[in-house]
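Peer 1: Quick one: the structure is below, and I'll ask about it shortly.
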Amino acid sequence: MALSHAASRSNLLKPLVAGFSYSSSLRRSISSAADNSSSLTIETSVPFTAHKCDEPSRSVETNPKELLGFFRDMALMRRMEIAADSLYKAKLIRGFCHLYDGQEAVAVGMEAAITKKDAIITAYRDHCTFLGRGGTLLQIFAELMGRQAGCSRGKGGSMHFYKKDACFYGGHGIVGAQVPLGCGVAFAQKYSKDETVTFALYGDGAANQGQLFEALNISALWDLPVILVCENNHYGMGTAEWRAAKSPAYYKRGDYVPGLKVDGMDALAVKQACKFAKEHALKNGPIILEMDTYRYHGHSMSDPGSTYRTRDEISGVRQERDPIERIRKLIVSYDLATEKELKDIEKEVRKEVDEAIAQAKENPLPDPSELFTNVYVKGFGTESFGADRKELRAVLP
């Protein structure tokens with residue numbers, strides 16, 4: 001049953017800051033905590049909701065080093081996206097630009113559960129996913145500004161990040177198109193029997209695409225090791241989910257495919273769900289994960305994000321559910337680091353971002369000849385003639 005508008009907004013603001021339980025009491029400085037592998041057991045404050053499968057345990061195993069790593073990684077992602085906002089407004093970034101701030105827990109939690117041999121493919125909100133896969137800030141800002149040092153040599157821009165050596169098969173600009181491609185990657189993984197999986201990410205707006213259901217159907221028939229991850233930030237391109245979907249329970253959309261609804265603002269819950277999903281997919285085939293998350297910016301930089309939702313709603317989510325603040329409170333509450341030490345980390349992150357931007361600004365633009373590269377397989381190019389078909393103008397590589 002479709003949720004009412006009021007009910008949907010109420011769920012967005014649902015507090016997720018209930019207490020945490022630990023297997024041991026830790027009172028350590030940040031330096032010793034970061035090197036300590038002592039096990040902590042944290043119970044998620046929101047239970048998983050399952051469809052046609054068992055729910056994973058709410059008790060998540062972690063350690064101080066991982067929690068501090070989550071904080072730093074998410075702080076870096078947040079600062080990077082805020083900087084991208086400023087660069088776009090200064091017209092140093094052109095074209096489309098879709099920011100991820102608010103959704104960082106999905107990126108870091110997913111990476112914590114898998115390896116770089118597992119594949120990820122996503123849509124155009126891809127900066128933080130690329131960073132999580134091991135990409136550098138310079139590669140990111142250079143690509144955003146169309147410079148040679150960019151991850152796609154400055155030719156792809158915000159929507160087309162790519163890192164083959166970490167099995168990150170890109171950001172894709174066509175809504176939903178990455179899902180069939182991800183299922184194809186999973187087919188190759190099953191064929192090669194390498195015990196890896198593919199995470200195919202898409203948004204709630206793309207969840208209504210026909211190609212998604214077609215790809216899921218063949219994946220289920222062939223038991224492919226693919227996890228479809230709906231990053232449900234509750235708004236498509238200026239449209240609330242309840243206006244676009246008769247049933248916004250996206251984890252049930254597969255009907256015959258198991259699904260799991262996850263608190264996508266909790267990095268540890270995401271980690272647990274992705275670990276569970278990988279194990280399931282390797283044994284049984286596809287599974288759907290719905291990450292209940294939220295974006296602070298509009299759909300893209302051309303969208304102010306405040307015409308179809310209230311500023312009070314955005315600030316409410318920031319106060320009650322922010323993924324970085326949740327980790328911060330967790331770390332401080334159990335003396336893994338002080339507030340000052342975490343502030344120092346944020347200062348370091350800001351400096352890193354500023355330095356990367358400065359380097360990217362000095363990086364040259366692609367040579368005009370780059371227009372003709374990566375169009376055809378080498379040696380299979382074509383010749384370009386003048387209007388009279390006699391003058392050979394160019395031979396594409």
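The values are calculated or read from the model by the stated rules, or taken from the named source; none is laboratory data. Keep in mind that what you see is a predicted model, and the values were worked out from it rather than measured. Cβ atoms come from the backbone with ideal geometry, glycine included; neighbour counts cover every protein chain shown. Heads up: the accessible areas ignore ligands, DNA and RNA and are worked out on the full protein's heavy atoms, side chains in. Shrake-Rupley method; radii C 1.70, N 1.55, O 1.52, S 1.80 Å.
Residue by residue, here is whether (1) open to solvent by 60 Å² or more (accessible area, probe 1.4 Å); (2) within 30 Å of residue 127 (Cβ to Cβ); (3) assigned to a loop (DSSP other than H, G, I, E, B); (4) of a type in the set (A, V, I, L, M, F, W, C) holds:
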| position | (1), (2), (3), (4) |
| --- | --- |
| 348 | yes, yes, no, no |
| 351 | yes, yes, no, no |
| 357 | no, yes, no, yes |
| 370 | no, yes, no, no |
| 375 | yes, yes, yes, yes |
| 387 | yes, no, yes, yes |
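Peer 1: Another question, then. Given the criteria crowded, with 19+ Cβ neighbours inside 10 Å and among the acidic types (Asp, Glu), does residue 313 qualify?
Peer 2: For residue 313, the condition - crowded, with 19+ Cβ neighbours inside 10 Å and among the acidic types (Asp, Glu) - is not met.
Yes/no per residue for (1) more than 24 Å from residue 174 (Cα to Cα); (2) surrounded by fewer than 21 Cβ atoms within 10 Å (Cβ to Cβ); (3) at pLDDT 95 or above:
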site	(1), (2), (3)
212	no, no, yes
223	yes, yes, yes
231	no, no, yes
237	no, yes, no
242	no, yes, no
267	yes, no, yes
273	yes, no, yes
277	yes, no, yes
292	no, no, yes
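Peer 1: Quick one: in region 244-262, of everything that is over 22 Å from residue 46 (Cβ atoms) and open to solvent by 10 Å² or more (accessible area, probe 1.4 Å), which residue is modelled with the lowest pLDDT?
Peer 2: This residue is 255.
Peer 1: From the residues in region 188-210 that are farther than 22 Å from residue 279 by Cβ and over 19 Å from the mean Cα position of the chain (by Cα), which one is least open to solvent (accessible area, probe 1.4 Å)?
Peer 2: 210
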